[in-house]
1. Looking only at region 185-206, which residues are surrounded by 14 or more Cβ atoms within 10 Å (Cβ to Cβ) and either in a strand (DSSP E or B) or more than 17 Å from the chain's Cα centre (by Cα) (or both)?
2. Output the number of residues of region 12-40 satisfying the condition of being over 17 Å from Lys107 (Cβ atoms), assigned to a helix (DSSP H, G or I), open to solvent by 60 Å² or more (accessible area, probe 1.4 Å) and not basic (Lys, Arg).
3. Scanning region 66-96 for residues that are more than 28 Å from Leu37 (Cα to Cα) and part of a loop (DSSP other than H, G, I, E, B), which turns out nearest to the chain's Cα centre (by Cα)?
4. Touching a residue at least 60 places away in the same chain (Cβ under 8 Å) and loosely packed, with under 13 Cβ neighbours inside 10 Å: does that describe Asn182?
5. Here are the criteria: (1) part of a strand (DSSP E or B); (2) in contact with an Asp or Glu (Cβ under 8 Å, 6 or more places away or on another chain); (3) crowded, with 17+ Cβ neighbours inside 10 Å. Tell me which single one Val170 does not satisfy.
6. Could you tell me how many of the residues in region 163-197 are among the small types (Gly, Ala, Ser) and farther than 15 Å from Leu94 by Cβ?
7. So in region 101-147, with the set limited to residues that are among the small types (Gly, Ala, Ser) and surrounded by fewer than 16 Cβ atoms within 10 Å (Cβ to Cβ), which one is nearest to Met86 (Cα to Cα)?
8. Of these, Gln159, Gln132, which one is in contact with a helix residue (DSSP H, G or I) (Cβ under 9 Å, 6 or more places away or on another chain) and either modelled with pLDDT of 95 or more or outside any loop (DSSP other than H, G, I, E, B) (or both)?
Amino acid sequence: MDDKEISKAVVRRMPRYYRYLEELKSRGVERISSSELSDMMHVTASQIRQDLNNFGGFGQQGYGYNVDFLYDEIGKILGISSIHTMILVGVGNLGHAITNYIKFSAKNFKIIGLFDVNPALIGQTVSGEKIQHYDEIPKFLETHNVDIAILTIPKDDAQKVCDDIVKCGVKAFWNFTHIDLNVPKDVVVENVHLFDSLMLLSYHREEVLRESGNGS
């Protein structure tokens, strides 16, 4: 793959390709053309070819794409061909739900530490992991290699918690805290703003209603 910069829009489509290829694999499909993939994903065949060409193409004219090969290659591009260890801070309702999400381990994401400040939660076990007090994080990170920190905590605490964990060497955050974190240039953050997504859904619903003549 060339060292050219690949647009964020292309990168954000890669997990969707991976998900559809996983479905094809489960159905025993061995190869697929860009036009067939286009029909499934509602993305133009040209867009699919352009996206994949950013990473080398992977297809053969007259044959299409080998599903197993493309699935594995996109997995490598996304960095999920190796195990990523994670800690989660804030084991409330959302934290519980994320910890119990069974597909993490199947996709090489493994939660190895749970932390909270609520005395009622300390010592409880969720999906085989015991909840530890937040103050134990520095000691934990001294003895465990952690790739990603998941934050499901109140937004007022988020920046301080992020700063504390960055100081311990963690370079990636999955952020559910409803604020945008300030981090050094060598630290990456993926923000998950659930209400933003819901508002976008509301917008698109209103758009459909307007187009169908049922809107206000």
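The values are calculated or read from the model by the stated rules, or taken from the named source; none is laboratory data. What you see is a predicted model; the values in this text were computed from it and never measured. Positions of Cβ are backbone-derived with ideal geometry, glycine not excepted, and every protein chain shown enters the neighbour counts. Please note that ligands, DNA and RNA were not included when accessible areas were found on the heavy atoms of the full protein model with its side chains. Shrake-Rupley method; radii C 1.70, N 1.55, O 1.52, S 1.80 Å.
1. Val189, Asn191
2. Matching residues across region 12-40 total 3.
3. Ile83
4. Here the answer is no, as Asn182 does not meet what is asked.
5. With (1) part of a strand (DSSP E or B); (2) in contact with an Asp or Glu (Cβ under 8 Å, 6 or more places away or on another chain); (3) crowded, with 17+ Cβ neighbours inside 10 Å applied to Val170, the lone miss is (1).
6. Summing the residues that are among the small types (Gly, Ala, Ser) and farther than 15 Å from Leu94 by Cβ in region 163-197 gives 2.
7. For region 101-147, the residue satisfying everything is Ser105.
8. None of the other options fit; the residue is Gln132.
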